[in-house]
Amino acid sequence: MARRKAAEVTLVEAINLALHHEMARDENVVVLGEDVGANGGVFRATVGLQEKFGPGRVIDTPLAELLISAMAIGMATQGLKPVAEIQFSGFMYSCLDQLANHAARLRHRTHGRITCPMVIRAPNGGGIHAPEHHSESVEAFFAHVPGLRVVVPSTPARAYGLLLAAIRDPDPVVFLEPARCYRLFREAVADDGIAAPLDTCFVEREGTDLTLISWGGMMHEVRIAADQLAADGVDAEVIDVATLKPLDTQTLVASVAKTGRCVIVEESPRAGGWASEIAAELAEHAMMNLFAPIARVSGYDTIMPLARTEARFIPDVGRILSAVRKTLEIAPLG
Amino acid sequence: MQTPDEARTRVASFEIFLTRFLDDDGRPLCRLPAAARRPQRLLHAYRLMARIRAFENKAVALQRTGQLGTYASGLGQEAVNAAIGLGLARDDVYLGNYRECGVPLARGVPMAQILQYWGGDERGMAWPRTVPAFHDFPFAVPVASQVPQALGVAYAMQLRHEKRATLVTCGDGASSKGDFAEAVSAAGVWKLPVVFVIINNQWAISLPRSRQCAAVTLAQKGLAGGIVGEQVDGNDLIATCHVIETALARARSGAGPQLVEALTYRLADHTTADDARRYRDAAEVDTARKHDPLARLHAWLEAQCGFTAQDETRLQAEVAAEVGVAVKTFLATPAPPPEALFDALYAELPPALHAQAFAAAGGGEA
């Protein structure tokens, strides 16, 4: 494929770019959801698609999330590659039955006779001062389900490559986009149709003193924290998990085995969050290399607050640095 | 001046039709459609119903003797199962709930495989490529969840301009669920080639139809979604074939979706783990037996097609032999190996699961 010039795009524009690319490349790709057509999606992730590919392939559905997920399943079994949009991840709970009881297990329960190559994507997480139920972090619900893949991009380039990979994957993928990163920054993304690897964490900054693990929206604060630590002479390794399920434990264990210190940062409530799963894997496989206990920085086990206090719930750079300092107090560098 | 009440205008009204061709004794209530006058076809349908009934009875007997897991019998629903199985074309797609084993049987799935599934082995749903049911969905267990999926299947057919139809069944209980409502409400928007069949067997475990919904019919839920809704006597094979075939033909021709409420009766317990005597009168069940779909078609065949007692004896022997072979095959099939847990979980087993798969296969905890 010809290399195309990289344009500076936001994360949501990268999503749109990937959808355009894949719909042009594969006529089986269809997009469905609420307001995805003429309106281009409430975040404009699907803008221009219906004009280009027609209402048959870019489908405005009735206001029914369960139906959207179920239709995607039905389509996928017929060889289409549906990319369903749910407007906010807080409205995905009504899709859970369809995803856990059907999408995730159709291949297994028919021994490969019926398969379900679908993507269901939604903006995830807080920080956009939205109304109630519009700021949830739901990744752990889906990551718990065998048979699903759960992907959470954190940069425009990764959003582009991972979405292509998700659409091309022969199994169902839950694709959760950090809403507050949609327009947070721009990055050069070549529309080259090259998919990013699923099942692989991205080590985006190498370091020797400490491993910072996160994904999605929290990666922004983690990067700032890593910069500040570097200014203080602490050399942090930064890993974007990106694909939460199946989890690339190997990369995480290798990093923590090297640094001996680990802080995992997530936005969702703490109990049963995906940081807990990662911490358990690290405890099992890297315990002997640890100088200090694994630390988690997460949202609280509270209801996600409304806009005026959401910043108190979402971990900030200060909380991340405080956890790092505590780790370093227990096991000083040097 | 009009009163406020007088100023109201009627913007919609509706009626629901019930189709019934044969009375309980198999006597025609009207001039039957041409298809119903072809004896070979009716004999074929009757044979299928007999196979389904023999299968249902054997499945329950196997469970009672500890050779099968919990089973949800479709006893009494053979006519509507057969009518769906016969109405579907090879290229059509069927999505069904767990009680309708008759449809996959009609669509070529070996009896032994259906037993294998209810015997606790997923391979029972790995249906052979050679049978019409190959593209059909596996039994849906979460009630009504299959109904909205049918829209996606039908959408794919429509997008590709194929003259195929999707048919989905659910029970009367399922019609109370949001899944059902969302699907019926949306199907008409795209005029999808989908036929919804509510197999109303009057009971959702212990809840009777009257406690499920106050609507006079469940068929009218189709009208609420802007699509055709009608009732058929689901124990009248000839009427049910007619209604289902007409609905499928409409769907294939692009005329849009339809809802059929097939009236029947669950003669069995909800499942083998249930005891319906706790909540329903024996007298009601005795009455329902008088509307038995096999007896009714049998009477018609005797009266109109020269079907004799010897024919019946021969048929029952052939069906019993088929069931016998299936049971033997099923009982001789060993359980899946432990590593099968990881088979077909994903297209390719992700590296993250290699250690677990190794452990499950007896390799020890990683």
#### Entry: Scan of segment B:144-185 for residues that are farther than 25 Å from B:P104 by Cα and surrounded by 24 or more Cβ atoms within 10 Å (Cβ to Cβ), ordered by number
B:E182
### Condition met for A:V138 (more than 15 Å from A:L32 (Cβ to Cβ) and within 13 Å of another protein chain (Cβ to nearest Cβ))
no
### Message
I'd like to check something: does segment A:297-311 contain any residue that is open to solvent by less than 20 Å² (accessible area, probe 1.4 Å) and over 25 Å from the mean Cα position of the chain (by Cα)?
### Response
no
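Each row is one residue, and each column tells you yes or no for (1) more than 14 Å from every other protein chain (Cβ to nearest Cβ); (2) touching a strand residue (DSSP E or B) at 6+ places or on another chain (Cβ under 8 Å); (3) surrounded by fewer than 24 Cβ atoms within 10 Å (Cβ to Cβ); (4) touching a residue at least 40 places away in the same chain (Cβ under 8 Å).
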{"position": "A:R113", "(1), (2), (3), (4)": "no, no, yes, no"}
{"position": "A:R121", "(1), (2), (3), (4)": "yes, yes, no, yes"}
{"position": "A:N124", "(1), (2), (3), (4)": "yes, yes, no, yes"}
{"position": "A:I128", "(1), (2), (3), (4)": "yes, no, yes, yes"}
{"position": "A:P131", "(1), (2), (3), (4)": "yes, no, yes, yes"}
{"position": "A:H134", "(1), (2), (3), (4)": "yes, no, yes, yes"}
{"position": "A:G147", "(1), (2), (3), (4)": "no, no, yes, yes"}
{"position": "A:V150", "(1), (2), (3), (4)": "no, yes, no, yes"}
## Note on the structure
Scanning segment A:79-90 residue by residue, those assigned to a loop (DSSP other than H, G, I, E, B), open to solvent by less than 10 Å² (accessible area, probe 1.4 Å) and within 12 Å of chain B (Cβ to nearest Cβ) turn out to be A:L80
### Message
I want to confirm something. Restricting to segment B:156-187 and keeping residues that are among the small types (G, A, S) and either farther than 24 Å from B:G85 by Cα or in a strand (DSSP E or B) (or both), which single residue is nearest to the other protein chains (Cβ to nearest Cβ)?
### Response
B:A186
## Note on the structure
(1) under 25 Å from B:N235 (Cβ atoms); (2) touching a Ser or Thr at 6+ places or on another chain (Cβ under 8 Å) all hold for B:P193 apart from (1)
### Summary
Restricted to segment B:133-143 and to residues being facing another protein chain (nearest Cβ under 8 Å) and part of a loop (DSSP other than H, G, I, E, B), the residue most open to solvent (accessible area, probe 1.4 Å) is B:V141
### Residues satisfying the stated conditions in segment A:58-78, i.e. of a type in the set (G, A, S), in a helix (DSSP H, G or I) and more than 22 Å from the chain's Cα centre (by Cα)
A:G74
### Message
If a residue must be at pLDDT 95 or above, outside any loop (DSSP other than H, G, I, E, B), farther than 24 Å from A:P117 by Cα and open to solvent by 40 Å² or more (accessible area, probe 1.4 Å), how many such residues does segment A:1-57 contain?
### Response
2
### Message
Please go through segment A:222-251 and give me each residue that is surrounded by fewer than 24 Cβ atoms within 10 Å (Cβ to Cβ) and either touching a Pro at 6+ places or on another chain (Cβ under 6 Å) or within 14 Å of another protein chain (Cβ to nearest Cβ) (or both), ordered by number.
### Response
A:P246, A:L247, A:D248, A:T249, A:Q250, A:T251
### Task
Filter the helices (runs of 4 or more DSSP H) completely within segment A:104-221 down to those with at least 3 residues that are over 30 Å from A:K326 (Cα atoms).
A:106-109, A:156-168
### Summary
Of the residues in segment B:240-284, those that are of a type in the set (V, I, T), in a helix (DSSP H, G or I) and open to solvent by less than 20 Å² (accessible area, probe 1.4 Å) come to B:T240, B:V243, B:I244
#### Entry: Whichever residue in segment A:198-214 is away from chain B (no Cβ under 14 Å) and over 16 Å from A:I224 (Cα atoms) and, among such residues, is most open to solvent (accessible area, probe 1.4 Å)
A:T208
## Note on the structure
Note on segment B:321-366: residues open to solvent by 60 Å² or more (accessible area, probe 1.4 Å) and away from every other protein chain (no Cβ under 14 Å) are B:E322, B:V325, B:K328, B:T329, B:L331, B:A332, B:P334, B:A335, B:P338, B:F358, B:G362
### Task
Examine segment B:221-240 for a residue that is without any contact (Cβ under 8 Å) to a residue 40 or more places away in the chain and in contact with a strand residue (DSSP E or B) (Cβ under 8 Å, 6 or more places away or on another chain), and state whether such a residue exists.
yes
### Summary
Subset of segment A:269-307, residues among the hydroxyl-bearing types (S, T, Y) and in a loop (DSSP other than H, G, I, E, B), comes to A:Y300, A:T302
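The values are calculated or read from the model by the stated rules, or taken from the named source; none is laboratory data. Just so we're clear, the structure is a prediction, and the values are computed from it rather than from any experiment. Positions of Cβ are generated from backbone atoms using ideal geometry, with glycine treated the same way; all protein chains shown enter the neighbour counts. Quick note on the areas: whole protein, heavy atoms, side chains included, nothing else; ligands and nucleic acids left out. Shrake-Rupley method; radii C 1.70, N 1.55, O 1.52, S 1.80 Å.
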